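Here is the structure we will look at, set down as structure tokens.
The values are calculated or read from the model by the stated rules, or taken from the named source; none is laboratory data. All values derive from a computational prediction rather than experimental measurement. Here the Cβ positions follow ideal geometry from the backbone for every residue, glycine too, while neighbour counts run over all protein chains shown. Accessible surface areas use protein heavy atoms only, side chains included; no ligands, DNA or RNA. Shrake-Rupley method; radii C 1.70, N 1.55, O 1.52, S 1.80 Å.
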Amino acid sequence: KVSSGAGLWWWGIRQRDRLRASCLELMRQHLSPDVQPVAASLLLGDRTQMTDDVRAEFAESGTMHLLAISGLHVGILIGLGYVGCRLFNAGIGATTLILLTVALGYATLTIARPPVLRAVLLTILMLIAQLRMRPAQGLNLLGAAALILVLWHPGDLFDVGAQLSFIAVWAIVASSRWLQQWQHQYEWDDDLPIERSKWWEAVRGWGSYLGQAYLVTGAIW
């Protein structure tokens with residue numbers, strides 16, 4: 001006799017598979033045959049329809065990692081959701097609930113792959129901290145996510161991909177904190193009577209963003 005809990009679990013899996021099949025069908029209807037396999041890999045993590053030639057092209061161009069569902073996809077999705085909540089002037093509680101639903105829904109849709117789980121766990125912990133008006137420390141959140149994933153799937157502790165993934169995120173957090181400290185130490189003193197044009201402020205702002213991007217990229221590398 002199948003318990004009600006197991007029945008509910010399998011019902012959820014069937015609904016997820018139906019939703020994935022519907023998404024793939026929409027892609028087949030609206031995308032060209034050359035684009036559809038790439039879109040399925042980028043959005044759903046489904047590489048079953050990709051040919052060896054397409055895989056080789058991505059591998060030779062050094063962009064194979066873009067086909068893997070990862071924290072980048074979760075970050076883009078959460079960012080779009082946050083912008084939408086801001087446009088509709090949603091409150092903190094409603095925004096948190098919507099973003100949690102989006103993160104968990106996408107993790108379910110992509111069959112909860114380890115990189116997605118890491119990003120989703122970081123998102124959930126950050127949103128909970130924000131909801132409770134607590135400071136969200138990046139390294140603490142990363143450590144908590146790592147502990148939860150190891151308890152959920154201990155084999156990831158010895159997986160090189162999972163190790164490099166967490167090390168890369170640690171590099172992002174550490175380099176960002178170092179950059180913030182450096183900027184705070186050498187920032188302009190607003191009390192000084194220095195006239196600065198709007199063009200200079202714009203160039204300085206874009207230069208700061210560009211420098212941060214190169215620093216974070218170098219730290220990950």
Report summary line: Where a ≥ b ≥ c are root eigenvalues of the Cα gyration tensor, a/c under 1.5 meaning rounded, otherwise prolate if a/b exceeds b/c and oblate otherwise, segment 1-132 counts as oblate
Query raised in the report: Accessible area per residue, 1.4 Å probe, Å², for segment 19-98: what's the number?
Result: 63 Å²
Query raised in the report: Could you give the angle, 0 to 90 degrees to the nearest 10, between helix 198-220's Cα long axis and the longest principal axis of the Cα atoms of the chain?
Result: 50 degrees
Requested in this report: Might you work out the accessible area of Val35 for me, using a 1.4 Å probe with all protein chains in place, and round it to the nearest 10 Å²?
Outcome: 70 Å²
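Under a point-charge model restricted to the Cβ atoms of Lys and Arg (+1) and Asp and Glu (-1), what is the dipole moment magnitude of segment 1-133 relative to its Cα centre, in debye to the nearest 20? Provide the component values of the computation, followed by the final result.
Values: 12 positive and 8 negative charges, 150 e Å.
Using Cβ point charges on Lys, Arg, Asp and Glu, segment 1-133 gives about 720 debye.
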Query raised in the report: Computed over the Cα atoms, what is the radius of gyration of segment 20-59 divided by 2.2 N^0.38 Å, N being its residue count?
Result: 1.10
Query raised in the report: Put Arg14, Arg113, Arg86 in order of accessible area, largest first, 1.4 Å probe: what do you get?
Result: Arg86, Arg14, Arg113
Requested in this report: On the protein heavy atoms, probe 1.4 angstrom, tell me the percent of accessible surface of segment 50-97 carried by carbon and sulfur.
Outcome: 66 percent
Requested in this report: Calculate for the chain the 222 nm mean residue ellipticity that helices alone would give, adding -39,500 (n - 2.57) per DSSP H run of length 4 or more and normalising by residue count, nearest 500 deg cm²/dmol.
Outcome: -25000 deg cm²/dmol
Report summary line: Placing one equal point scatterer on each C-alpha of segment 63-138 and summing with Debye, one gets log10 I(q)/I(0) at q = 0.22, 0.26 Å⁻¹ equal to -0.99, -1.23
Requested in this report: Of the listed values (1) 27, 22, 16; (2) 36, 24, 20; (3) 24, 21, 18, grab the one calculated as semi-axes √(5λ) of the Cα gyration tensor in Å from the structure here.
Outcome: (2)
Query raised in the report: Summing Lys, Arg as +1 and Asp, Glu as -1, what charge do residues with Cβ under 15 Å from the Cβ of Ile78 carry, Ile78 excluded?
Result: +2
